[in-house]
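These notes are about the structure you will find just below.
The values are calculated or read from the model by the stated rules, or taken from the named source; none is laboratory data. Note that this is a predicted model, so its numbers are computed, not measured. As a convention, Cβ positions derive from the backbone with ideal geometry for all residues, glycine included, and neighbour counts pool all protein chains shown.
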Amino acid sequence: MKKREPTAATMAVRTAVILFVFVIVFTGLLAGAYLWTKPALEASAAEEKMKLIDEVLPRSAYDNDLLRDTLELPAEPLLGTDGPTTLYRARKGTQPVALVLEAVAPDGYSGRIRLLISVGFDGAIAGVRVTQHKETPGLGDYIEPKKDKNKARPWITQFDGLSYAAVTDQEWKVKKDGGRFDFMAGATVTPRAIVKAVRKATRYVAENQAQLYASK
């Protein structure tokens, strides 16, 4: 008896079933791999965040889980943000220690300059770091401690210990404009933008401190 050849329709159905089974198995393997590696990925991401925060606030200053004691902030003009950002709240025991938040200087020489700022409960700045920028290489390098040639006192550390209330509006400018902050010749736009952004961010904290610490 002659064997009947499978029809085109039968072949199509068979191929579709094989592809479907392959997709199910492949998706399952991907899901399994994701679940297997998820804890390690999350731990790595958390450590990277902590390394960045460590640059503006030492871990010895607080004893709470900083990455869990957070608050989502909406877009805020004083922070220069156009979308939600995360605020981290440092505490020691039950006492508030500092707030760590993001800010953006929108008017850098080559665009937006992203900052991470730590402000103590007393209003004093604990640290400022540039986390992202596109300033001209060479001219704009000094805003990053690792690239700043002045290793003893990097430019960005001028903000340490200052507070919004203790510095006048005139002082919140670079020296070229009659203020107190140093700048590099030929690269005034960059420090102007950062000084302005830090001033606005510390003002935001000063005006909202109680709510920021208390909000859930």
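Worth a mention:
- Test: residue in region 114-121 that is over 16 Å from residue 201 (Cβ atoms) and not in a strand (DSSP E or B): no
- Residues considered: 185, 124. Of these, the only one that is in contact (Cβ under 8 Å) with a residue 12 or more places away in the chain and on the phi < 0 side of the Ramachandran plot is 124.
- Pair list, Cβ under 9 Å, 6 or more apart: region 73-85 residue over 15 Å from residue 112 (Cβ atoms), other residue of a type in the set (A, V, I, L, M, F, W, C) and part of a loop (DSSP other than H, G, I, E, B): 84/75
- Hits in region 114-154 (condition: surrounded by fewer than 16 Cβ atoms within 10 Å (Cβ to Cβ) and touching a Phe, Trp or Tyr at 6+ places or on another chain (Cβ under 6 Å)): none
- Within region 186-216, being in contact with a helix residue (DSSP H, G or I) (Cβ under 9 Å, 6 or more places away or on another chain) and of a type in the set (A, V, I, L, M, F, W, C) holds for 187, 194, 195, 197, 198, 201, 205, 212.
- Any hit, region 92-109, residues being touching a Pro at 6+ places or on another chain (Cβ under 8 Å) and within 18 Å of residue 163 (Cα to Cα): no
- When 168, 136, 157 are checked against the criterion of being hydroxyl-bearing (Ser, Thr, Tyr), part of a loop (DSSP other than H, G, I, E, B), closer than 19 Å to residue 187 by Cα and out of contact with any Asp or Glu (no Cβ under 8 Å at 6 or more places or on another chain), a single residue qualifies: 136.
- One residue stands out among those in region 74-113 that are among the hydroxyl-bearing types (Ser, Thr, Tyr) and outside any strand (DSSP E or B): the one that is surrounded by the fewest Cβ atoms within 10 Å (Cβ to Cβ), which is 94.
- Enumeration of residues in region 90-132 that are touching a strand residue (DSSP E or B) at 6+ places or on another chain (Cβ under 6 Å) and not hydrophobic (A, V, I, L, M, F, W, C): 91, 102, 106, 112, 114, 118, 120, 123, 127, 129, 131, 132
- Enumeration of residues in region 60-73 that are buried (at least 16 other Cβ atoms within 10 Å of the Cβ), under 15 Å from the mean Cα position of the chain (by Cα) and assigned to a loop (DSSP other than H, G, I, E, B): 66
- Extreme residue, modelled with the lowest pLDDT, among residues of region 29-59 that are within 29 Å of residue 200 (Cβ to Cβ) and of a type outside the set (A, V, I, L, M): 48
- Candidate set: region 189-216, residues that are among the charged types (D, E, K, R) and closer than 15 Å to residue 126 by Cα; chosen: the one surrounded by the most Cβ atoms within 10 Å (Cβ to Cβ): 199
- Total residues in region 188-211, condition touching a residue at least 60 places away in the same chain (Cβ under 8 Å) and over 17 Å from residue 80 (Cβ atoms): 1
- Candidate set: region 155-187, residues that are within 24 Å of the chain's Cα centre (by Cα) and among the β-branched types (Val, Ile, Thr); chosen: the one surrounded by the fewest Cβ atoms within 10 Å (Cβ to Cβ): 157
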